[in-house]
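Remarks on the structure that follows.
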Amino acid sequence: MELSGLWRLQQFEVGQARPLEAAAAGLDDRFWITAKVPGDVHSALIERGLIDDPYFGHNDAKSRWIEQKEWWYRCSFNYTLETGSGEKHELIFDGLDTFATVYVNGMEIGTTNNMLMAHAFDVTRVIRNGKNTIAVKFDPLHLHNRDKELFQWSSYTKERPWLRKAAMNFGWDWGPRMVTVGIWGHVRIERKRLAKLDSVFARTAAISGTAAAVKIDVDVTRLGKNANYRCEIRLADAEGGTAAAAEAAVDGSAAHVSLEIIKPKLWWTHDLGKPYLYLLEVDLYADGELVDTYRKPFGIRTIELQLQDAQGQHAFAFLLNGVKLFAKGANWIPADHFIGSIPDHRYRELIELSVEANMNMLRVWAGGIYEKDVFYEQCDRQGMLVWQDFAFANALFPDFNRDFMDNVRKEVVYNIKRLRNYASLALWCGNNEIDWLYDMKTAGGDITCPFYGEAIYHELIPEALEALDDSRAYWPSSPYGGNDANDPDIGDRHNWQVWHGSVYPRKFGEPPLLDYSMEGVTFKNYKKDFTLFSSEFGMHASANRYTLEKNIPDGQFYWNSVEMAYRNKDTNHQKGILLMEGYTGIPSNIEEYMNFSMLTQAEGLKYGIEHYRRNKHRTSGSLIWQLNDSWPGTSWSLIDYELLPKASYYYARQFYHPLLLSIDHEPEQPLRIWAVNDTLDELRGEVRLTVHTFAGELLFSQTYDAHVSPNSACQLGSLPESDILQGADPRSVVVKVSTKDWKAPDNLFYLRDHKDLLLPAVQLDVQIDEAAQTVRITAVHAHARMVKLDLPQGRIRFSDNFFDLLAGESKTVHIRSVSGDKLLWSELRVSAINQ
């Protein structure tokens with residue numbers, strides 16, 4: 001019985017409400033407000049007009065009082081009991097945030113202290129036939145951590161190490177402090193008799209020749225005595241036919257089967273094949289009576305983490321069904337600060353956008369939550385691999401405390417069991433940056449205490465995984481490996497030389513250094529990085545105009561305003577200015593800031609990722625920080641809060657394309673022409689390099705015979721810069737590489753940084769066809785740099801945006817509203833950076 005929907009909500013001062021009264025079945029709660037479940041208190045108050053939108057201006061500071069109050073939820077419902085059925089009744093909350101006391105019909109049935117897992121209560125002895133009432137009291141957090149030790153290190157706030165709650169609630173360098181409270185997951189009552197399925201664990205044991213072996217373990221809780229228990233297990237194909245089936249007796253509390261699937265259809269990432277899903281069905285019988293069922297999609301695939309290559313050298317590469325991947329993707333943060341209120345379509349659209357950008361992996365970052373099932377379901381369906389962090393980020397944690405460790409162990413076990421059947425889940429990772437930062441902070445003198453929390457990542461989690469999930473690799477931290485956890489020669493790496501100015505190389509025990517200069521933070525440092533796997537790197541860019549204007553008070557939407565600065569939660573805002581100063585020049589107004597920051601981010605990521613991909617014989621992945629935003633701010637994201645992609649997103653569709661043509665070049669140095677092939681097919685054909693003036697004159701052309709092996713990168717040729725210029729100024733030309741023989745997108749390159757280009761003023765001819773929902777744009781007589789289409793609407797999709805046009809070149813852009821809203825054609829703005 002699903003109990004999600006509208007509940008009643010009321011606030012009290014701490015201790016003001018008497019639990020026996022507030023939880024009583026007969027309480028008249030009609031004067032309480034209504035609140036959606038799943039949801040949260042903030043969203044309920046916003047919806048009822050009781051607080052101003054915390055995302056607008058500085059309003060988040062006006063809602064800080066919410067975290068100091070005691071909050072009560074109530075729900076009444078009718079329930080039918082069957083006399084003599086022997087049924088057990090369990091009340092399940094998929095998410096309670098965070099310290100909750102649960103009452104049924106006025107009786108306290110239990111408490112919770114962990115936002116990051118579900119909570120189940122046996123209510124068999126308290127539930128009634130007819131009307132029932134559930135009440136949930138939420139304590140303010142300070143009651144539970146005010147007397148706890150304050151550790152020497154906990155980024156952004158020292159409140160959180162004792163609290164099993166999404167770390168980003170307390171603020172991060174891309175979002176505000178927004179300490180949520182409430183019922184953030186679904187609520188239901190399940191009734192069982194005789195027995196129930198505790199968990200089903202299915203994994204691909206092997207794929208060989210024309211068959212696959214799938215092992216399935218079923219854990220059962222017996223609710224009756226002296227019954228004969230058995231399981232029927234079936235794997236159905238997409239057409240409903242039986243691919244394999246078996247029956248097994250339950251021995252004690254478990255059953256084990258192995259299915260053989262002949263000519264299996266494998267689950268692949270979308271770029272390598274089809275993410276084929278079977279349906280796994282498990283039926284549990286007691287003395288012939290069907291008592292419980294399990295139905296979930298299941299993908300047949302193997303996933304390995306290769307730490308040594310065929311030559312015995314260090315590696316960090318994912319092998320999907322035996323095929324070595326270049327992991328192309330981004331880091332995922334919660335899709336909204338109000339986690340309980342995120343609609344399912346937001347998950348679906350963000351993953352669709354990731355697929356359209358040719359990504360094949362998302363890393364679920366440790367400072368949020370173990371994501372909702374809808375996230376993994378969409379990744380399974382859309383062919384997107386998941387790197388899953390455990391929820392420990394940038395802090396010391398009290399691994400010396402028995403109660404805390406018991407709580408963590410329950411959280412870890414619950415989430416392993418919940419997530420281990422998803423085909424998309426590729427890797428478990430113990431924490432975000434803790435091992436690395438502990439060493440740096442110790443070397444720098446900021447920490448003098450033991451490594452509190454170490455036992456979690458290096459003992460508790462691996463022991464739990466050894467018992468519960470033998471189907472995928474575990475990595476203790478990110479970054480991790482080598483002499484300095486951020487060593488490019490072993491394990492994965494976070495490149496924060498770019499943007500944060502971290503000075504490398506560095507070894508264990510050496511004090512960390514920062515270089516806040518143009519040379520220290522520039523994205524040109526990416527070419528110095530020959531990491532095995534780059535799992536975090538990036539730089540800021542402005543959100544889109546609509547997203548900013550919607551959330552900034554009148555009169556404050558200008559460059560360097562207080563409200564614009566408030567959108568940026570990073571330390572030292574000078575870093576972004578230094579990056580722009582080095583590439584585009586410093587902006588002088590808001591329009592230039594939006595354009596310059598977006599162009600710098602887009603070109604910087606292109607510069608770094610094309611370098612990583614050219615070196616795919618060594619480097620096996622790049623995960624950009626970050627994919628999305630949780631509020632309307634200025635951040636490292638590729639897609640802003642209103643689900644409007646930035647320029648870097650459209651660039652990603654090219655620099656993450658499975659077939660990439662690129663040029664490795666620095667001023668006055670030769671141009672090296674490269675082809676990258678991430679597919680399993682051999683490529684043969686011609687690649688053409690052309691040089692054009694900004695006025696449209698063709699200066700130079702050369703073709704290369706290309707033979708690119710499957711899953712490889714190769715250099716096609718090299719040209720001196722002077723040869724291609726034919727005496728022209730390098731600041732006044734654009735280089736294009738293209739092919740007609742395979743589906744690699746054209747790629748444009750500039751021989752000098754944007755600020756040094758001699759771009760003429762361009763005129764754009766814009767033709768709108770509202771019926772066809774298209775815009776045709778032509779660069780008249782001159783080269784157009786970063787053509788941008790703007791509509792003051794959220795959830796708008798352009799077939800392309802933030803693109804360049806050669807002089808005289810045209811492009812037709814299709815526009816649609818994902819929400820189905822009418823497009824505001826009269827407010828469409830089309831511009832170029834040199835218009």
> Of everything in the stretch 390-420 that's touching a Ser or Thr at 6+ places or on another chain (Cβ under 9 Å) and farther than 26 Å from Trp172 by Cβ, which residue is surrounded by the fewest Cβ atoms within 10 Å (Cβ to Cβ)?
Replying inline: Lys417
> Can you tell me which residues in the stretch 354-375 are more than 12 Å from the chain's Cα centre (by Cα) and in a helix (DSSP H, G or I)?
Replying inline: Val355, Glu356, Asp373, Val374
>> Test of understanding: among Tyr546, Tyr526, Tyr516, Tyr474, which residue is assigned to a helix (DSSP H, G or I) and in contact with a Leu (Cβ under 8 Å, 6 or more places away or on another chain)?
In response: Tyr546
> Quick one: in the stretch 519-537, which of the residues that are in contact with a helix residue (DSSP H, G or I) (Cβ under 9 Å, 6 or more places away or on another chain) and of a type in the set (Asp, Glu) is surrounded by the most Cβ atoms within 10 Å (Cβ to Cβ)?
Replying inline: Asp529
>> Could you go through the stretch 269-287 and let me know if any residue there is more than 30 Å from Leu320 (Cα to Cα), surrounded by fewer than 19 Cβ atoms within 10 Å (Cβ to Cβ), out of contact with any helix residue (DSSP H, G or I) (no Cβ under 6 Å at 6 or more places or on another chain) and of a type in the set (D, E, K, R).
In response: yes
> Restricting attention to the stretch 233-254, which residues are under 33 Å from the mean Cα position of the chain (by Cα), within 24 Å of Ala286 (Cα to Cα) and small (Gly, Ala, Ser)?
Replying inline: Ala236
>> Can you tell me how many residues within the stretch 295-316 are surrounded by 17 or more Cβ atoms within 10 Å (Cβ to Cβ) and of a type in the set (Lys, Arg)?
In response: 2
> Mind checking which residues of the stretch 354-373 are among the polar types (S, T, N, Q) and surrounded by 23 or more Cβ atoms within 10 Å (Cβ to Cβ)?
Replying inline: Ser354, Asn360
> Which of the residues belonging to the stretch 148-186 are of a type in the set (Val, Ile, Thr) and either assigned by TED's automatic domain parsing to the domain that holds Lys441 or surrounded by fewer than 19 Cβ atoms within 10 Å (Cβ to Cβ) (or both)?
Replying inline: Thr157
>> Met405 - would you say it is assigned to a loop (DSSP other than H, G, I, E, B), at negative phi and of a type outside the set (Lys, Arg)?
In response: no
>> As an exercise: evaluate Leu823 against (1) exposed (fewer than 15 other Cβ atoms within 10 Å of the Cβ); (2) in contact (Cβ under 8 Å) with a residue 40 or more places away in the chain and give the number of the one condition it does not meet.
In response: (1)
> Exactly one of (1) surrounded by fewer than 23 Cβ atoms within 10 Å (Cβ to Cβ); (2) at pLDDT 95 or above; (3) among the acidic types (Asp, Glu); (4) farther than 18 Å from Lys165 by Cβ is unmet by Asp470. Its number?
Replying inline: (2)
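Let's see how each residue does on (1) among the acidic types (Asp, Glu); (2) crowded, with 23+ Cβ neighbours inside 10 Å; (3) not assigned by TED's automatic domain parsing to the domain that holds Lys274:
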site	(1), (2), (3)
Phe375	no, yes, yes
Thr442	no, no, yes
Thr448	no, no, yes
Pro462	no, no, yes
Glu466	yes, no, yes
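Yes or no, residue by residue, for (1) at pLDDT below 95; (2) hydrophobic (A, V, I, L, M, F, W, C); (3) in a strand (DSSP E or B); (4) buried (at least 19 other Cβ atoms within 10 Å of the Cβ):
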{"site": "Val691", "(1), (2), (3), (4)": "no, yes, yes, yes"}
{"site": "Ala695", "(1), (2), (3), (4)": "no, yes, no, no"}
{"site": "Asp705", "(1), (2), (3), (4)": "no, no, yes, no"}
{"site": "Ser722", "(1), (2), (3), (4)": "no, no, no, no"}
{"site": "Ala779", "(1), (2), (3), (4)": "no, yes, yes, yes"}
{"site": "Arg785", "(1), (2), (3), (4)": "no, no, yes, yes"}
{"site": "Leu789", "(1), (2), (3), (4)": "no, yes, yes, yes"}
> Consider Glu87 against the criteria (1) over 27 Å from the mean Cα position of the chain (by Cα); (2) in contact (Cβ under 8 Å) with a residue 40 or more places away in the chain; (3) closer than 28 Å to Asn415 by Cβ: it satisfies all of them except one. Which criterion is unmet?
Replying inline: (3)
>> Anything in the stretch 182-201 that is in contact with a Ser or Thr (Cβ under 9 Å, 6 or more places away or on another chain) and either without any contact (Cβ under 8 Å) to a residue 12 or more places away in the chain or assigned to a strand (DSSP E or B) (or both)? List them, or say none.
In response: Gly182, Ile183, Val187, Arg188, Arg191, Lys192, Ala195, Lys196, Leu197, Asp198, Phe201
>> Just the residues that are over 16 Å from Arg8 (Cα atoms) and basic (Lys, Arg), please, taken from the stretch 70-107.
In response: Lys88
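Name the residue, out of Asp292, Asp336, that is buried (at least 16 other Cβ atoms within 10 Å of the Cβ), out of contact with any strand residue (DSSP E or B) (no Cβ under 8 Å at 6 or more places or on another chain), of a type in the set (Asp, Glu) and not assigned by TED's automatic domain parsing to the domain that holds Pro54.
Being buried (at least 16 other Cβ atoms within 10 Å of the Cβ), out of contact with any strand residue (DSSP E or B) (no Cβ under 8 Å at 6 or more places or on another chain), of a type in the set (Asp, Glu) and not assigned by TED's automatic domain parsing to the domain that holds Pro54 holds for just one of Asp292, Asp336, which is Asp336.
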> If you go through the stretch 734-756 one residue at a time, do you hit one that is at pLDDT 95 or above, in the same structural domain as Asp681 (by TED's automatic domain parsing), crowded, with 17+ Cβ neighbours inside 10 Å and polar (S, T, N, Q)?
Replying inline: yes
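Is at least one residue of the stretch 480-489 of a type in the set (A, V, I, L, M, F, W, C), surrounded by fewer than 24 Cβ atoms within 10 Å (Cβ to Cβ) and not in a strand (DSSP E or B)?
no
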>> Here is a list: Ser817, Ser810. Which entry is within 30 Å of Ser738 (Cα to Cα) and either outside the structural domain of Ser542 (by TED's automatic domain parsing) or surrounded by fewer than 17 Cβ atoms within 10 Å (Cβ to Cβ) (or both)?
In response: Ser810
>> Among the listed residues Tyr593, Tyr566, identify the single one that is over 30 Å from Leu325 (Cβ atoms), free of Cβ contacts under 8 Å to residues at least 60 places away in the same chain, not aliphatic (A, V, I, L, M) and not assigned by TED's automatic domain parsing to the domain that holds Ser712.
In response: Tyr593
> For the stretch 357-383, how many residues meet the condition of being in contact with a His (Cβ under 8 Å, 6 or more places away or on another chain) and over 28 Å from Asp435 (Cα atoms)?
Replying inline: 3
>> One residue is enough: does the stretch 544-566 have a residue meeting the conditions at pLDDT 95 or above, under 19 Å from Gly608 (Cβ atoms) and buried (at least 19 other Cβ atoms within 10 Å of the Cβ)?
In response: no
>> Every residue in the stretch 151-209 that is farther than 30 Å from Lys441 by Cα and among the charged types (D, E, K, R), please.
In response: Arg188, Glu190, Arg191, Lys192, Arg193, Lys196, Asp198, Arg203
>> I want to confirm something. Restricting to the stretch 54-82 and keeping residues that are of a type outside the set (Gly, Ala, Ser) and without any contact (Cβ under 8 Å) to a residue 24 or more places away in the chain, which single residue is surrounded by the most Cβ atoms within 10 Å (Cβ to Cβ)?
In response: Asn59
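The values are calculated or read from the model by the stated rules, or taken from the named source; none is laboratory data. Quick caveat, the model's predicted, so the values are computed rather than measured. Methodologically, a virtual Cβ is constructed for each residue, glycine included, from the backbone with ideal geometry; neighbour enumeration extends over all protein chains shown.
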